[in-house]
Amino acid sequence: MTAIVNDESTYSPYDPDEEASEGEVYQVRLENVFEGPMDLLVYLIKKNEVDIWDIPVALITSQYLEYIDWMKQMNIDLAGDFLVMAATLTQIKSKMLLPVHEDVEEGAEDPRLEIARPLAEYLKMKQAAEELATRALLGEHTFVRQSDKSDFAVDPDEEVVKVGLFELIDAFRRLLDNLSPEQRIEFSTDTISVKDRINELVDILEERGSATFEELFSGEVTKEEIIVTFLAILEMVKVRVVRVVQNMSTGIIRLFYL
């Protein structure tokens, strides 16, 4: 049985009295919640440690399409902008593969500038937005601020960063890659419910306050359980039930119950 997540900051839980239509699948919509296509491009550039003005287009395009394909397999409903970006990268890759004729001027523009310029502008805007977010807001001390568990959930001695969608994807891909052949069973929404998995994760986090990825699984984990857990965490992040951070020194990703 399944639930369909809409593009708002709430979700529609599965109603046991409703029959799921044949072939119905659990979907997560990313709009206005997780990062967009530019953020995936930035993530890949940082991951490969390359200069935005000297992008290895073939490599980045291949990895970009790989991420999109993986998200589609996970029934993540991608915004059209992701596909537009994929088409743009593919087009630039094709231009880079064309032979350069002698009659072409030496000062001909690098095709990669088509993506490098908007990318540089996007990074400037993002940095400006992050700087604004750290400034004191007018009237923020007018009312008494209520305590929030997230304020003291992380050890102050630990240096952590907020984990985005693509870091989550990498973490779950590593879990799937490490499965033994016996554990690589076919995924079926008829045998496990995302909604039930969310309830299980809430129980774990209510008891412990926080948990690493490894602590979310007990016993021998299956491919099915990993996939459902991934979808469950996406929804929990979306409705602001959990916060996901990564330790800078160890690389361990931890979920905190809010």
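Assorted remarks:
- In the set Ile226, Ile169, Ile198, only one residue is modelled with pLDDT of 90 or more, within 25 Å of Leu78 (Cα to Cα) and out of contact with any Cys (no Cβ under 7 Å at 6 or more places or on another chain); that residue is Ile198.
- Condition check for Ile76: at pLDDT 85 or above and surrounded by 15 or more Cβ atoms within 10 Å (Cβ to Cβ): no
- Lone qualifier among Val144, Val163 - being within 24 Å of Leu258 (Cβ to Cβ), modelled with pLDDT under 55 and not assigned by TED's automatic domain parsing to the domain that holds Gln91: Val144
The values are calculated or read from the model by the stated rules, or taken from the named source; none is laboratory data. These figures come from a predicted structure and were not determined experimentally. Using ideal geometry, Cβ is built from the backbone for each residue, glycine included, and neighbour counts are taken over all protein chains shown.
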